[in-house]
Every structure is written in C-alpha cells, then in structure tokens.
Amino acid sequence: MRMTNKIMRNNSIYNINQNKILKDQLTNQMTTQSKIVRPSDDPVVAIRALRLRSNVTTVTQYNDKNADDADKWLKLTADALDTVNSVLDGLYEQAETAANKYQTSDGLKIIMEQMDSLTKEFYASGNVDYAGRFIFSGYRTDTPVTFTQADVLEMEKHPISYNIEEGLSYKQISTINYTNYDVVDGPTLTSDTTSYEQGVTNTDLYRFRLSYDGLDSVDATKNNSKKAGAIQITANSKDGSSTIRIDDTGVTVIPGNPNDSGLFNGMTMKEYADPEEAYRDVANGTFTGIAYCPTSGELVFGKDVYEGFDESVNFSFTYDKSSWGNGDVNPVHYFKCTETKDIGDGTMTDVRKTAYNTQKKEGKDQDIYYDVGFNQQIQVNSRADEVFTHDVGRDMDDFDHCLKELQGIETKKKEIEEKMKEFSKDSPQYKDYEKRFKAVEKAEAYIRENIHNKFENQISKYQQYEDDTRVAITNNATRMSRLDLISARLTNQKATFKELQTDNEGIDVTEVAVELTSSEMTYSAALMATSKIMQTNLMNYI
C-alpha cells in the first residue's frame, strides 16, 4: 500500500485527537471524582450506578426519615404511658387510704379531690401530640382523645349529638348497695313491735353502667339538641335475641324471632331523672323493671331481672348524648357512633351526619404502621381504647355518690343530736329521737361498710388498669427494641451501599493522576513527532 503525505497527516491528526479525548476523559475524572460523565462512557457502570443510587436513596428514606419519625413517636408514647402508670399508682394509694371505715366525710372529700385531679391528668395524658398529630387517636390524628375547651365552645355554637352503640357482657353487670333510711324522717312509730331500726334497709341492686353520664332524656326539653333521646337494649343469647327500647313514644319490646319470646318479654323500662329515686323504687320493689337514669348513665334493676340473664347473654346499648364538657372522652375513638351536627346559621338548619367506626373490630382498623425497611413495617401507635378506659372517670362518679351518702347520713345524725338537746331525757320526744338516732347509726354502719367495700374493690380495679397500662408499655417497648435492631441494620446497609456506590463510580485518584500525566507526555510527544513529519515532503527530494 502506498503511503502518501496526506495519509500520514490524517493518521497523525486522528492519533492526536484520540490522545486529546483520553486526556479530556482523565481530566473530567479528576474534576468530578467519577468514572463516567454520561452513560455512554461505560454502560455497565451506569446501570450499576442507577441501581446503587436507588438503594441508597431508599435506605436513606427508611433510616433517616421513616425510622427516625417512628422512633420519636414511640418515645413520646413511652413517656405518656409512664405518666399514666404513675397516675394510676397515685390513685391506687389514695384508694387504700379511702378504704378506712372511719374516714369522715371531710377526710374523704380531701382524698377524692386528689383522686379527681389525678383522674383529669390520666385523660389529659391521652392528648399528647407529635408535631400536631395526636398519638393515641389512631388515623384521626387531628382529633384529641378528649374534648377540649375549644371543642366545647364550638359545640355551643353548633350543637353536636352522638348516637352511640356500646357493647357490654353479662360479666360487666355490677352490683351496687343502697341504704334506705327514709323511716327516720317518717311519722312517730306507735307500735311496740316495730322500730326505726327495722325500717332501715340495705339492698343489693344490679346495673349496667354505660361509659357516659349526662345522656339524652326522652323529654326533648331536657336535651341540648332539643330532640328527644332514646335508649335501646338488645340482648343476644344462644336462644336468640330480643330488644327493649324507651323513647318519647313509650316502651317497646321486640322479640328476636317468632320462636323466641325474648329476655325482655313482659318487662318494662322507666326513665328516672333522679338516680336516688330509681334506687329507692327498685330496692323497695315499687318498680320491677329496668330503671333508666340518663343523668348518671345507669340502668338499674333488681334480683328478679338479673336472674333472668345468664353468662351466655351479650348486650348492645344504643343511646344518644348531646351534652359534652371539657375533658369528656370523644366516643369516635371507642364506639360505633353517628355524629349529628347542626351547622345552621339560625334561620336555616342544615344537619350533617357522619358515621364513625362502622366496620370497627376491636379497634384494629386504627393501627398505624410505618415502612421502616424493605418489605418491613412496624406499628407506631397505641390506641386510646387500650389504655384510657372510661371506667377510671366513671369510678369517680361512684365515689361522688358514696361521698354524698356519707355527708347525708352525717348531716342527719347531727340534726337528730341537735333535736335531742331540745328535750329532757325523760320526755317521749327525746326517747323517740333516741330511737331515730340508733336507726341512723345503723344506716351509717351500712354506708361506711359499703364505702369500705367500694374502695377495697377499687384497689383491685386500679391494679387491673395498671396491668393494662403495663401491657401497652411492654408492647411499645417491644416495638422500640425491634426498631432499634432495624435501624442498626439499615445503618449498616446504608454504609455498605455507599461503599459499593463509591467503588462503582469513584476513581482511584493516584492511578488517574499517573494516567493523566502519561497522557500529557504522550500528547506532547505526538505533537513533536507530527511536526517533524509535516516539515518534509516529496518535493524536498526532487
């Protein structure tokens, strides 16, 4: 093949250009500290780089954001649960003190003031939030566990009523003790065979205690919503179901099926504005059905009704409540319920209805999970219904009743003592009041025994509440421990992926520096050689 000057020049220029391209690549590598600038530089490195970068980004999201957010949520939950546990410890100690039979009403009042303060703190701990999200509210992170003062003010403008469905089992029927000493205020006894003491009775009653008091009455004028309330009880047993309902139209009994007469067949229900009156009528046998007390949230009945139930029976209660106060537990976190809100402007009434927890199954639908790894999730929330039971607040209502009973009997005792001072010891009036005084002492002994038993039983209940709280603490701590393990692994994964990314994309600076120096020398030598060749041609020899 004949080599001409033109061929030699073209070859020289091509080789020089290749040297310049290599030098440019090495210069870019030194500048960017990366093997490639564009995918075409090395497709294999580029594909591997995309995958590793995706891995690093994903692990960074899991470790630095999701896991960190979950860790803060779990730590806040742990702090709140520790506070709840301390509060229950305080309530337990106060209950031990109150169980003393010889507590005066003044002493018991002081104890109950302390217990009331602790109870308020118990529910206030449920409103802990993390960056504006309430941590015990399930998916409704914008809704606190209890109503706030702002909520109450809003309800004054736009009244809210809840239709609540609550389930109770046969074992949740509680026993209450009622002491009747009305005979002391009655006419003077003339018979020698009777005494005031014999007229003092102490009766065990049975009741369903709902989660709320201040329920709506069947009388619309007594309700904030100005609408008649209603309560319905459905009993489900192995033999079928039956329903009893009371509203403004009266009492209705609905058998579950034609072959089942129903547990409520032949039974009646009556609403009482005053629970004391209900206790008295049921204890005296004046009323033999179910006494509904919306003010106290109780359904009271006697032994005959109680014996008509058995352990196979489960009860469902549907009732209305439109009166809410600061600190009341929001029912949407606990029960199937429908909210009815009047959003009218005074002249036009526009009612909004919203259903909550229509598919509720043990609250599981409110568990919040965070993605904290490849195909890994962890639950971060503890639900309100796991810890913040209504019973803590409702127990305080029972204590208030006990205090009023003790105050009442002490007041009655003092009144009779003052009356006795007005007469001589030999007078018939003095002897009559002396007999009344003995009857009051008997009633006081019953009441003090009842208070003693109430607080002794309460000690066990507070232990149960603490056990439930400790279970929640343990579950939360278990999640934290698991999250720590996941975070440690994610940290190692992140370091490994970054190392692989560096190995794949990064350069060996020393090696590239040597190659760059070599390419510069090669480039200079090529220029010198080419210049020599270009200086001579065929004409120089002719």
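The values are calculated or read from the model by the stated rules, or taken from the named source; none is laboratory data. From a predicted model like this one, the values you see are computed outputs, not experimental measurements. Note: ideal-geometry Cβ built from the backbone for every residue, glycine included; neighbour counts use all protein chains shown. For accessibility, only protein heavy atoms count, side chains too; no ligands or nucleic acids. Shrake-Rupley method; radii C 1.70, N 1.55, O 1.52, S 1.80 Å.
Extension gain, Asn326 to Thr411: 0.36 nm times the residue separation minus the Cα-Cα distance gives 27.4 nm. Please state the shape class of the chain: rounded when a/c is under 1.5, otherwise prolate if a/b exceeds b/c and oblate if not, all from the C-alpha gyration tensor. Here the chain falls in the prolate category. Across the options Ile176, Gly229, Tyr523, the greatest Cα extent toward the positive end of the charge dipole of the chain (unit charges at beta carbon of Lys, Arg, Asp, Glu) belongs to Tyr523. Multiplying the residue separation of Asn265 and Asp391 by 0.36 nm and subtracting their alpha-carbon distance yields 42.3 nm.
On the basis of the beta-carbon distance and an R0 of 60 Å, Lys65 and Ile459 show a calculated FRET efficiency of 0.85. The length gained by stretching the chain between Val44 and Ser312 to full extension, at 0.36 nm per residue less their Cα-Cα distance, is 89.4 nm. Of Lys101/Lys404; Lys321/Lys353; Lys414/Lys435; Lys23/Lys498; Lys222/Lys412, which sit over 21 Å apart, Cα to Cα? Distance filter (> 21 Å) returns Lys23/Lys498; Lys222/Lys412.
For the pair region 449-477 / region 199-243, the C-alpha centres are spaced 26 Å from each other. Normalised per residue, the accessible area of the chain is 54 Å², obtained with a 1.4 Å probe and no contribution from ligands, DNA or RNA. Region 46-108 and region 403-432 have Cα centres separated by 56 Å.
Its Cα centre serving as origin, region 378-469 has a Cβ charge dipole (Lys and Arg +1, Asp and Glu -1) of approximately 700 debye. Probe radius 1.4 Å, ligands and nucleic acids ignored: give me the carbon and sulfur share of the accessible area of region 54-135 as a rounded percent. With neighbouring chains kept in place, the figure for region 54-135 is 46 percent.
Couplings 3J(HN,Hα) of region 422-433, computed from phi: 7, 10, 6, 5, 8, 7, x, 5, 4, 5, 5, 5 Hz, in residue order, whole Hz [Karplus 6.51 cos²θ - 1.76 cosθ + 1.60, θ = phi - 60°; x for Gly and Pro]. Across the chain, the longest piece that holds none of the GluC sites (Glu not before Pro) lying in DSSP loops with up to 11 other C-beta atoms within 10 Å covers 1-310.
So if R0 is 51 Å, what FRET efficiency would Met30 and Ser86 give, r being the distance between their Cβ atoms, rounded to the nearest 0.05? The value I calculate is 0.20. If a paramagnetic tag sat 7 Å from the Cα of Asn475 along the Cα-Cβ line, which residues of region 363-384 would have the backbone N under 19 Å from that point? Counting backbone N atoms under 19 Å from the label point, the list is 363-371, 377-384. Between Lys171 and Val152, the distance separating the two model label sites (each 7 Å from Cα on the Cα→Cβ line) works out to 3.6 nm.
Shape class of region 78-204 from the alpha-carbon gyration tensor: prolate, with a/c at 1.5 or above and a/b greater than b/c.
Using bins of 5 Å that start at zero, the share of Cα-Cα pairs per bin across region 404-529 amounts to 2, 8, 7, 7, 6, 5, 5, 4, 4, 4, 4, 4, 4, 4, 3, 3, 3, 3, 3, 3, 3, 2, 2, 2, 2, 1, 1, 1, 0, 0, in whole %.
Between Ala495, Ser460, Leu483, the Cα set farthest toward the positive side of the dipole of region 453-495 (charges on each charged residue's Cβ, about the Cα centre) is that of Ala495.
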